[in-house]
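This report refers to the structure that appears directly beneath it.
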Amino acid sequence: MTGLDATLAEAAEATDANLLLRLDDLTAGYDGVAVVHGVDLEVRAGEVVALLGANGAGKTTTLLAISGLVPRMGGSIEVLGQAVHERRRRSVADVWRLARSGVAHVPEDRGLFFDLTAAENLRLGRPKGGDAVPEAQLLEWFPALTRVMDRKAGLLSGGEQQMLALARAVVGRPTLLLVDEMSLGLAPIIVEQLLPVLRAIADETGAGILLVEQHVPLVLAIADRAALLRQGRVTFSGTADELAARPDLVEAGYLGA
């Protein structure tokens, strides 16, 4: 092997080592009916990838398939270099193992325990005997939680609930973070505050983030790469800057032009 070949091989190995998630020709859906078809997608360490598209395009289904909550009907899902959900049927054990491996999923309904306080919800996210993010760091990312730690999650505002859901997901230092419709029900000013926090979490912890979001200009400003889904198929995959420069593609993805 020549010196150049060795350098290229080392670069390829380093790239693969940073690859946290790979979807290859993924098809998934409900009750035997495919919702997403042939989806290819990658997320690397320290990277924010935006998954965009109109309602019904298959964004949530893609995240649920990664987490094992929706059956994989075809293709493959690799997390940290390991194939997951190979049996194509939902398994509680598979979902548990994936979470234990370092994958955290913030669903669009936030998944909080409303009868528990914010502090108790965070405690549930802390790994037993593991390396948790210190509370001081969490409150630096989400300072609004400082004043509501002893308040029940069900009594928090929508913005506070979303901050709590994100904080609970990252307290265990996930390797891969899946965030579904973060801005759902939130005022734009709250979204403007939270998106840079996700950027900071990726930069400071090295976590890869796959983010479903409807505020396209805002998310493209903090994302590294983006994929655009239309009717369950990827119609664009590239850098966030490339997609931001093609408003025609975004319009087609959302309006069907």
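The values are calculated or read from the model by the stated rules, or taken from the named source; none is laboratory data. Since the model is a prediction, treat every value here as computed from it, not as a measurement. Cβ: placed from backbone, ideal geometry, glycine included. Neighbour counts: every protein chain shown.
Quick notes on this structure:
- Test: residue in the range 214-228 that is among the basic types (Lys, Arg) and closer than 21 Å to Leu178 by Cβ: yes
- Scanning the range 176-226 for residues that are at pLDDT 95 or above and part of a loop (DSSP other than H, G, I, E, B) turns up Gly206, Ala207, Ala223, Asp224.
- The residues of the range 34-68 that are surrounded by fewer than 18 Cβ atoms within 10 Å (Cβ to Cβ), more than 14 Å from the chain's Cα centre (by Cα) and under 27 Å from Thr205 (Cβ atoms) amount to a single one, Asp40.
- Residue count for the range 57-86, restricted to those that are in a strand (DSSP E or B), within 18 Å of Asp31 (Cβ to Cβ) and not hydrophobic (A, V, I, L, M, F, W, C): 2
- Test: residue in the range 126-136 that is farther than 22 Å from Leu80 by Cβ, assigned to a loop (DSSP other than H, G, I, E, B) and free of Cβ contacts under 8 Å to residues at least 60 places away in the same chain: yes
- Only one of the numbered conditions (1) over 19 Å from Pro196 (Cβ atoms); (2) under 23 Å from the mean Cα position of the chain (by Cα); (3) surrounded by fewer than 16 Cβ atoms within 10 Å (Cβ to Cβ) is not met by Ala132, and that is (3).
- Of all the residues in the range 202-219, those that are within 24 Å of Ala65 (Cα to Cα), surrounded by fewer than 23 Cβ atoms within 10 Å (Cβ to Cβ) and either touching a helix residue (DSSP H, G or I) at 6+ places or on another chain (Cβ under 7 Å) or acidic (Asp, Glu) (or both) number 2.
- Conditions (1) more than 25 Å from Gly185 (Cβ to Cβ); (2) crowded, with 18+ Cβ neighbours inside 10 Å; (3) under 19 Å from the mean Cα position of the chain (by Cα); (4) modelled with pLDDT of 90 or more: number failed by Met73: (3)
- Test: Gly3 is modelled with pLDDT under 90 and buried (at least 21 other Cβ atoms within 10 Å of the Cβ): no
- Of all residues in the range 185-201, at least one satisfies being touching a His at 6+ places or on another chain (Cβ under 8 Å), surrounded by 19 or more Cβ atoms within 10 Å (Cβ to Cβ) and among the aliphatic types (A, V, I, L, M).
- Selection within the range 206-225 - in contact (Cβ under 8 Å) with a residue 60 or more places away in the chain and more than 22 Å from Gly29 (Cα to Cα): Gly206, Ala207, Gly208, Ile209, Val216, Val219, Leu220, Ile222, Ala223, Asp224, Arg225
- Considered as a group, the residues in the range 101-128 that are surrounded by 14 or more Cβ atoms within 10 Å (Cβ to Cβ) and among the acidic types (Asp, Glu) include one that is modelled with the lowest pLDDT, and that residue is Glu108.
- Candidates Leu155, Leu145, Leu98, filtered to the one that is modelled with pLDDT of 95 or more and either crowded, with 16+ Cβ neighbours inside 10 Å or aromatic (Phe, Trp, Tyr) (or both): Leu145
- Residue match in the range 156-168 (condition: part of a helix (DSSP H, G or I), within 20 Å of Thr60 (Cα to Cα) and among the polar types (S, T, N, Q)): yes
- Taken together, Asp150, Asp131 contain a single residue that is touching a helix residue (DSSP H, G or I) at 6+ places or on another chain (Cβ under 7 Å), charged (D, E, K, R) and more than 20 Å from Leu211 (Cβ to Cβ), which is Asp150.
- Restricting Leu41, Leu52, Leu26, Leu63 to those that are touching a His at 6+ places or on another chain (Cβ under 8 Å), at pLDDT 95 or above and closer than 20 Å to Thr235 by Cα reduces the list to Leu63.
- Remark: pairs (first residue in the range 41-53, outside any loop (DSSP other than H, G, I, E, B); second residue polar (S, T, N, Q); Cβ separation under 7 Å; 6+ apart in sequence or on different chains) = Arg44/Asn18; Leu51/Thr62.
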